[in-house]
1. Confirm whether Ala166 is over 30 Å from Glu106 (Cα atoms), at pLDDT 95 or above and assigned to a helix (DSSP H, G or I).
2. Return the pair list, or none, for Cβ contacts closer than 8 Å from residues in the stretch 122-143 that are assigned to a loop (DSSP other than H, G, I, E, B) to residues that are buried (at least 17 other Cβ atoms within 10 Å of the Cβ) and at pLDDT 90 or above, at least 6 apart or on different chains.
3. In the stretch 13-63, which residues are under 12 Å from Glu106 (Cα atoms) and of a type in the set (Lys, Arg)?
4. Val147 - would you say it is out of contact with any Gly (no Cβ under 6 Å at 6 or more places or on another chain), among the hydrophobic types (A, V, I, L, M, F, W, C), at negative phi and not in a loop (DSSP other than H, G, I, E, B)?
5. Does Gly78 qualify as being surrounded by 11 or more Cβ atoms within 10 Å (Cβ to Cβ), over 30 Å from Met134 (Cα atoms), without any contact (Cβ under 8 Å) to a residue 40 or more places away in the chain and not aromatic (Phe, Trp, Tyr)?
6. Could you please tell me which pairs satisfy a Cβ distance under 9 Å, a separation of 6+ or placement on different chains, a first residue in the stretch 164-175 that is over 14 Å from Phe76 (Cβ atoms) and among the hydroxyl-bearing types (Ser, Thr, Tyr), and a second residue that is assigned to a loop (DSSP other than H, G, I, E, B) and at pLDDT below 95?
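The values are calculated or read from the model by the stated rules, or taken from the named source; none is laboratory data. On a predicted model such as this, the values are computed, not experimentally measured, just so you know. Cβ coordinates were reconstructed from backbone atoms using ideal geometry, including for glycine residues, and neighbour counts include every protein chain displayed.
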Amino acid sequence: MPHWLQLMLDSLGPLLWAAAAFTAPLTLLSFAFGLTVGLAVALIRLFGPKPLVALVRFYVWIFRGTPLLVQLFLIFYGLPSAGILLDSFTAALIGFTLNIGAYSSEIVRAAIGSVPKGQWEAAYSIGMTWSQAMRRTILPQAGRVAVPPLSNTFISLVKDTSLAAAITVPEMFQAAQRIVAVTYEPLILYVEAALLYLAMSSVLSALQARLETRLDRYGGFLEARA
């Protein structure tokens, strides 16, 4: 068996374990928390009082306008100077959550804004309150619009978790770096890591396509009934 293939097979287990133990949880938790933050920020931007609107606009401006790697460094290496000590995983989770929250808030805000005003009027005409109209009528329709860009954001997040290696999170890319430090075979190990990221992104892209197809069918059914 060729040396490069043997090395890739030997390294596959540690890389997959790191992906399952750190990359996947970091991705899922960051996206879930970030989407929650994004929804709250979007609702404040659309319906909140002016002081809160100004505050969340500043938050979005900061996190969309600065590099993610710099944000991670500020949280993990900078906050200890202010007496705030965080372990690497928590620091990465906070950094990714705030970053995803800023980007997803703009997606959700645009999706809610795309729902025709007549939908609000129809909901109010049958006695719904604002919260009921938002939950039962507006958000389901906005969700169909938001799914494709949010799916792209999720796929990008899977790849961006490799930046957590810079703050010592033992995720998949750092696992590859550790093996490189022992084997002195950076080309083989980094190609293997790239292929694993590519495989994960490809699977997620296929799932995204199926989800969008189902949403299109559901949307077409609703439009036909209307």
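1. no
2. Once the first residue is assigned to a loop (DSSP other than H, G, I, E, B) and sits in the stretch 122-143, its partners that are buried (at least 17 other Cβ atoms within 10 Å of the Cβ) and at pLDDT 90 or above give Met128/Thr137.
3. Once the filter is applied, which keeps residues that are under 12 Å from Glu106 (Cα atoms) and of a type in the set (Lys, Arg), the stretch 13-63 yields Arg45, Arg57.
4. yes
5. Working: surrounded by 11 or more Cβ atoms within 10 Å (Cβ to Cβ): yes; over 30 Å from Met134 (Cα atoms): yes; without any contact (Cβ under 8 Å) to a residue 40 or more places away in the chain: yes; not aromatic (Phe, Trp, Tyr): yes.
Considered against the rule, which asks whether it is surrounded by 11 or more Cβ atoms within 10 Å (Cβ to Cβ), over 30 Å from Met134 (Cα atoms), without any contact (Cβ under 8 Å) to a residue 40 or more places away in the chain and not aromatic (Phe, Trp, Tyr), Gly78 comes out as yes.
6. Listed by first residue and then by second, the contacts come to nothing, as the list is empty.
The rows are residues; the columns are (1) buried (at least 20 other Cβ atoms within 10 Å of the Cβ); (2) out of contact with any strand residue (DSSP E or B) (no Cβ under 7 Å at 6 or more places or on another chain); (3) under 14 Å from Leu15 (Cα atoms).
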{"position": "Leu139", "(1), (2), (3)": "no, yes, no"}
{"position": "Gly143", "(1), (2), (3)": "no, yes, no"}
{"position": "Val158", "(1), (2), (3)": "yes, yes, no"}
{"position": "Ser162", "(1), (2), (3)": "no, yes, yes"}
{"position": "Ala175", "(1), (2), (3)": "yes, yes, yes"}
{"position": "Arg178", "(1), (2), (3)": "no, yes, yes"}
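Yes or no, residue by residue, for (1) under 13 Å from Leu163 (Cα atoms); (2) at pLDDT 95 or above; (3) touching a strand residue (DSSP E or B) at 6+ places or on another chain (Cβ under 8 Å); (4) buried (at least 20 other Cβ atoms within 10 Å of the Cβ):
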residue	(1), (2), (3), (4)
Val53	no, yes, no, no
Phe58	no, yes, no, no
Ile62	no, yes, no, no
Leu69	yes, yes, no, no
Leu93	yes, yes, no, yes
Ser105	no, yes, no, yes
Val108	no, yes, no, yes
